[in-house]
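The structure appears right after this line, and notes come after that.
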Amino acid sequence: MSELVQMRQRIKAIETIQKITHAMRLIAMSAHSRLKRKETDLKRYIDTINILFSKVYRLQQDWQNPIMKPKNNHTKILVILVGSQKGLCGTFNTNLFTYFTQQMARHAESTFDSIAIGKKAIDFLNRNHTHIQVINEYNNFSTRTIFSISQAIADLIIHAPTPYSSVIMFSNDLKSFFIQKPIRTTLIPLATAPSQVLAPTEGYLWEHEPTVVLDTLAHHYLEAHIQHLLFTSLYAEQAARFLSMDNATRNAVSLLENSKILYNKLRQAKITKELTELTGSL
C-alpha cells in the first residue's frame, strides 16, 4: 500500500512541476513577443546613429580621440560580461561562460577590469575569475533598466581616469528563435568606418568644432551599441527560456503519463491479489 501512496505523491509532484514549467513557458513567450515589437524601433535608432556618425566622420577623417581611438601606449582592457538575471534558460549561460573562459585564456598576460551584468554573470565572475577585478555590477538587468545601464557604462568608459586600450563585450546573440550563440564584440577602438552606408557628403554649418561634434556623436554611438547588445541578450534569453521550459513541460507530460500507467498497473495488481486471497479463503 505504501508503494501506491508514494506513486500518488510522485504524480502530484509531477503535475505541479508541469504547471510551473507551462506557466514559465507562457511568460517567456509573452516577454519575447514584447521585445520583438520593440526591436524595429531600436534598429532604426541604431541605423540613424550609424549614418549620422558616418556622415560627420567622412568630413573630418583626421579626427582623433584618446578614448574612442586609443593609442597603443597602454594595455588595460575592459571586459563586459552579460549574463541572465534569472535561471531556467537551458545552456544560455553555460555556453556563454565557457566561451568567455576560452577567450580570456588567450589574454592571460593582459590587465583586465570587468563589468558584470545580470545576477548569473556576477556570480560566475566572483566564483571562477577572482583574478579579474570587477569594477561594477548590475544585478537588476531587465528591459526597464537597459537604457540606464548602457548610459552608465558609456559614461564610465568615456570618463575613465586611464583610457582603456580595448573594451570587449561578451553576450548572447539570437541567430534564430531556436539558436542562441555567444559573441564577442569590440566596442573600443572604434572601426574606421562606423557605417557601411555610403552617406552623401552634404555641406554643414558648424556651430561647434567638428571634433567636438564627433566626440559627442561617438559617445552616443557607443551608448547605442551597448544598448543594442543588452537588448539582444535579453531577446535571446527569453527565447532560450521558452525552449527550455517547453522541453521541461513535454518531459513532465511524458513522465506523468508513464507514472499514471505504472500506478494503474500497481493498483490493479493490488486489487487482483486481494481478490485472489479473498476467494482462496472461502
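The values are calculated or read from the model by the stated rules, or taken from the named source; none is laboratory data. Computed from a predicted structure; not experimentally measured. No Cβ is skipped: glycine too gets one built from the backbone with ideal geometry, and neighbour counts run over all protein chains shown. Each accessible area value is taken on the protein alone, full model and side chains, heavy atoms only, with ligands, DNA and RNA left out. Shrake-Rupley method; radii C 1.70, N 1.55, O 1.52, S 1.80 Å.
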Computed accessible area, residue 146, all protein chains, 1.4 angstrom probe, square angstrom: 10 Å²
Convex hull projection area averaged over all views, the stretch 216-259, Cα basis, nm²: 2.5 nm²
Spin-label pair residue 3/residue 45, simplified geometry with 7 Å Cα→Cβ offset, distance in nm: 6.2 nm
The stretch 1-106, Cα convex hull volume normalised per residue, Å³: 154 Å³
MRE, 222 nm, helices only [DSSP H, n ≥ 4, -39500 (n - 2.57), over the chain, to nearest 500]: -21500 deg cm²/dmol
Fraction of beta bridges assigned by DSSP in the chain that are antiparallel (%, nearest 5): 35 percent
Accessible area of the chain divided out per residue, in Å², using a probe of 1.4 angstrom: 57 Å²
Global form of the stretch 98-169, assessed from the alpha-carbon gyration tensor, a/c cut-off 1.5: oblate
Alpha carbon convex hull of the chain, projected area averaged over orientations, nm²: 19.9 nm²
Using θ = phi - 60° and Karplus 6.51 cos²θ - 1.76 cosθ + 1.60, couplings along the stretch 244-261 (whole Hz; Gly, Pro as x): 5, 6, 5, 5, 5, 5, 4, 5, 5, 4, 5, 5, 5, 4, 5, 5, 5, 4
Spin-label pair residue 211/residue 267, simplified geometry with 7 Å Cα→Cβ offset, distance in nm: 8.4 nm
Potential lengthening between residue 133 and residue 152 on full extension [0.36 nm per residue; Cα-Cα distance subtracted]: 5.0 nm
